[in-house]
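The values are calculated or read from the model by the stated rules, or taken from the named source; none is laboratory data. None of these values were measured; they are calculated from a predicted model. So basically every Cβ, Gly included, is an ideal-geometry build from the backbone, and we count neighbours across all protein chains shown.
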Amino acid sequence: MTCAVMSGLRIGDVTRGDAAGGVHASEILDWGHPSVEQLYAEAARETTSAREFLVAAHRAIQQRIRAVYALDDTQPVSVTLRRERGSCSQRLAVLEALARRHGIRTRVTGLILRGEFWYPRFRRLHAFIPERVLLAWPEFLIDGNWCDVSEVLVEPTEATSFEPFANAGAETLFDALSRAPIRWTEASSCDCLDFSEFVEKELGTFDSRDALFAEFGQTMSAPIRAVIDPVFRNWSASG
């Protein structure tokens, strides 16, 4: 059990339908910042298709931004780039910002995950893991179709054989995206990493992660984040 004061979520019964998404900058996805422009130029070099660009952008983020356990899901992308470290959520936000800068429309699916998903990574800290975690899972409009981030980064023919995701050690969820498709919903058959057992609720799609977190809040309450985020944002996920 976790202390209720830790949670900053406001989860009701309402779910959203299909969101239109967009390419505009936002408070989180501040792609007009010079630091974002610099990384964009690096990722856009010698790419011809939207998918090639997103693969290159994901690789550039892996190389540039160290994986840590930061807690602020609404941190602007420019801050993440300045610090050169970020959580999976913050690194996904960077990928979204770069996509929008490239003219690729993005949106997010809101997922409420059970905290058990992170137990293997925090073996001695189970009591401090929130019961529910809000995840903003990006989608990109490619050739007129909405594709989630794992569908974009891994072609089906590339995913014939892969190791399970342990959610421990150096490989984070953001890193696993480049080697195997991921599914959060139940399917009769799935050549993928199937995490549907950890999904407690689907909230629908939102035009931006800004809209999702504005409506439902963040996993950790603001007082808790203020106390422990300065430590967690420097705690490397590679151990």
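Can you tell me which residues in segment 214-233 are of a type in the set (Asp, Glu) and either closer than 17 Å to ARG85 by Cα or not in a helix (DSSP H, G or I) (or both)? Answer for segment 214-233, where residues must be of a type in the set (Asp, Glu) and either closer than 17 Å to ARG85 by Cα or not in a helix (DSSP H, G or I) (or both): just ASP229.
The single condition among (1) over 14 Å from the mean Cα position of the chain (by Cα); (2) more than 20 Å from GLN38 (Cα to Cα) that ARG107 does not satisfy is (1).
The residues of segment 85-105 that are farther than 13 Å from ALA44 by Cα, surrounded by fewer than 23 Cβ atoms within 10 Å (Cβ to Cβ) and touching a strand residue (DSSP E or B) at 6+ places or on another chain (Cβ under 6 Å), listed by number, are ARG85, ARG105. Checking each residue in segment 151-177 for being surrounded by fewer than 22 Cβ atoms within 10 Å (Cβ to Cβ) and closer than 12 Å to ARG51 by Cα picks out GLU151, VAL154, GLU155.
Contact annotation: residue pairs with Cβ atoms under 9 Å, 6 or more positions apart or on different chains, pairing a residue in segment 104-126 that is in contact (Cβ under 8 Å) with a residue 24 or more places away in the chain and under 23 Å from ALA57 (Cβ atoms) with a partner that is assigned to a loop (DSSP other than H, G, I, E, B) and among the β-branched types (Val, Ile, Thr), are ILE104/VAL23; ARG105/VAL23; THR106/VAL23; GLY110/THR15. Considering (1) assigned to a loop (DSSP other than H, G, I, E, B); (2) among the acidic types (Asp, Glu); (3) closer than 27 Å to ALA19 by Cα, the lone condition that GLU52 does not fulfil carries the number (1).
Only a single criterion out of (1) among the β-branched types (Val, Ile, Thr); (2) surrounded by 23 or more Cβ atoms within 10 Å (Cβ to Cβ); (3) more than 22 Å from SER196 (Cα to Cα) is not satisfied by THR74, namely (2).
Yes or no: ILE65 over 21 Å from ILE228 (Cα atoms), in contact with a Leu (Cβ under 9 Å, 6 or more places away or on another chain), of a type in the set (Val, Ile, Thr) and modelled with pLDDT of 95 or more? No, not satisfied. For beta carbons closer than 8 Å, sequence separation of 6+ or different chains, a first residue in segment 9-38 that is over 27 Å from GLU202 (Cα atoms) and a second that is hydroxyl-bearing (Ser, Thr, Tyr), the qualifying pairs are TRP31/TYR40; HIS33/SER78; SER35/SER78; VAL36/SER78. Among the residues of segment 107-126, none qualifies, meaning not one is of a type in the set (Gly, Ala, Ser), assigned to a loop (DSSP other than H, G, I, E, B) and either in contact with a Gly (Cβ under 7 Å, 6 or more places away or on another chain) or crowded, with 19+ Cβ neighbours inside 10 Å (or both).
This table checks each residue for (1) touching a helix residue (DSSP H, G or I) at 6+ places or on another chain (Cβ under 9 Å); (2) modelled with pLDDT under 95.
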site: ALA4; (1), (2): no, yes
site: ARG10; (1), (2): yes, yes
site: ASP18; (1), (2): no, yes
site: VAL23; (1), (2): yes, no
site: ILE28; (1), (2): yes, no
site: VAL36; (1), (2): yes, no
site: TYR40; (1), (2): yes, no
